[in-house]
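> A single structure is presented below for examination.
Each value in this text was obtained by applying a stated rule to the coordinates, not by laboratory testing. None of these values were measured; they are calculated from a predicted model. Glycine gets a Cβ as well: all are built from the backbone with ideal geometry, and neighbour counts include every protein chain shown.
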Amino acid sequence: MPLFPPVVSSLLYLVAAVCFILALRGLSSPKTARRGNLIGALGALIAVVTVFLASRLENIPWILAAIAVGTAIAWPIARRVQMTQMPQLVAMLNGVGGGAAALIALLELPHAADWWTRLAIVLTLLIGAISFAGSVITFSKLQGILSAKAIVFPGLALLMVGVLVVAVAAGAWVVTSGPFFAAVAVLVLGLAVGVLLVLPVGGADVPIVISLLNAFTGLAVAASGFVLGNVLLIIAGTLVGASGTILTRAMAQAMGRSVSGILFGAFKGGSTAGSTEASDRPVRSSSAEDVAVLLGYAQKVIIVPGYGLAVAQGQHTVAELQQALEARGIEVEYAIHPVAGRMPGHMNVLLAEANVPYESLKEMSEVNGEFKQTDVALVVGANDVVNPAAKTTPGSPIYGMPILEVGDAKQVVFLKRSMRPGFAGIENELLYEPQTTLLFGDAKDSLAKVLAAVKAL
């Protein structure tokens, strides 16, 4: 017997929906992101508790056992995951959500009495399966299980279209007649579409596809809300789908590319390839002491963080370097590219972890005009987001992508492990300019040496 009457449960669902909206609002800024996360978690807790107290549930021990198992798996993973692995975690969370929605829809098929409900089931099956399989592939690419390069083979495009057509045909059969085996076919074919969709995506495009798959998961959850007659699922899924779509478009624009070009560019050679071949062209390298002199006697320094900083876990050291320079009266800012790292906001979260003041973080649009008045631009583990090929080399994988104009600074210092290119797999001509100096080594170790040398000045 439900403990809550329908009116109370509807009000609680409304409260949960408002929490989800406020959570998205909070996540729009690093200053309020933590609060937004907590509000979203509160909304989810309210929703789950309401389901338990306002529904006629069966097999409650099994439900509680499933929650316990999921918690036992998720809690330690979330606690231990490194910031550099956050995109992989996001990919898997997206995939699990889409897969869960698809399985629920499949189990609800025998109870679907009308074509409208069966249509919602088919959409949930197809979109959820695509999201799950695609997320597994993005996880594998980012984790190094699969090559980060675009994986293509002859006939891939034709095969993808063929599988999708058969999936739609099977879905139409489910809508009109409702055979269970046809629904299973839709699920399997959806998994195949998800794999074939993401395999041709390579390099820096993978995080953008994660965002797109996040939107797919939201749509699958919204469709499952129609299947189950649950308004809150419709609201939550629509919010996720809309926000994921907006984020995908914003990331694509920050890369100067279209979403279709990201998904299908490999078929015509336009996707980032992720080459790892190192250049043997001569460059001007320097020591930590020489870099410290450049920094220590500058008036203004702009630090450009990238994925290499995250890999080296050097955020705390770079924050100490900022403090040491500011103690000498030097103005220090951080230039943040929208797609620096592996996901939007990656650098903001990384630096916030090291207690870098939010006021020191400058977005690309406001910092680019300051490079001409900057004595030293210190690039830590970034490459593609400062590569002038985005402006000068038509046909380049990153051509058209807005970049940080570090080449306008009087001196440019790159902290790099090697001469290997970035995700785009192309050389950065800025490395060979006369005002550029390179300090090779692990970013954290190099920063520690520079910090010690600055303190010794």
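> Against the empirical 2.2 N^0.38 Å scaling, what ratio does the C-alpha Rg of the stretch 78-200 come to?
Output field value: 1.17.
> Could you give the semi-axes, largest first, of the ellipsoid that matches the stretch 170-269, computed as the square roots of 5 times the alpha carbon gyration tensor eigenvalues and rounded to whole Å?
Numbers: eigenvalues 160, 79, 14 Å².
The three semi-axes for the stretch 170-269 are 28, 20, 8 Å.
> Next question. Between residue 107 and residue 365, what is 0.36 nm times their sequence separation minus the Cα-Cα distance? Round to one decimal in nm.
87.9 nm
> Could you tell me the convex hull volume per residue, in Å³, taken over the Cα atoms of the chain?
For the chain, the hull spanned by Cα atoms encloses 144 Å³ per residue.
> Now for a different question. For the stretch 6-268, what D do you get in µm² per second when you plug the Kirkwood radius from alpha-carbon pairs into Stokes-Einstein at 25 °C and 0.890 mPa s?
Numbers: Rh = 19.4 Å.
This corresponds to a translational diffusion coefficient of 126 µm²/s.
> Could you tell me the convex hull volume per residue, in Å³, taken over the Cα atoms of the stretch 335-393? Please list the in-between numbers first.
Values: hull volume 6.2 nm³, N = 59.
Considering the Cα atoms of the stretch 335-393, their hull volume per residue is 105 Å³.
> How far is helix 180-198 tilted, in degrees, relative to the longest principal axis of the Cα atoms in the chain, given as a value from 0 to 90 rounded to the nearest 10?
With rounding to tens, the tilt is 10 degrees.
> I've got another one for you. If you fit an axis through the alpha-carbon atoms of helix 86-108 and take the longest principal axis of the Cα set of the chain, what angle between them do you get, 0 to 90°, nearest 10?
With both axes taken from Cα atoms, the answer is about 10 degrees.
> Rounded to whole Hz and in sequence order, give me ³J(HN,Hα) for the stretch 401-414 from the Karplus expression 6.51 cos²θ - 1.76 cosθ + 1.60, θ = phi - 60°, writing x for Gly and Pro.
Values per residue, Gly and Pro as x: 6, x, 10, 7, 7, 5, x, 7, 5, 5, 9, 10, 10, 9 Hz.
> Same structure, new question: How much net charge surrounds residue 436 when only the other residues with a Cβ under 15 Å from the Cβ of residue 436 are counted, with Lys and Arg +1 and Asp and Glu -1? Display every interim value, and only then the final one.
Details: positive: 281, 284, 410, 416; negative: 290, 375, 405, 408, 427, 429, 433.
For residues surrounding residue 436, the net value is -3.
> What translational D, rounded to a whole number of µm²/s, comes out for the stretch 288-456 from Stokes-Einstein when the hydrodynamic radius is the Kirkwood one over Cα pairs, at 20 °C and 1.002 mPa s?
Details: Rh = 15.6 Å.
In µm²/s, the coefficient is 137.
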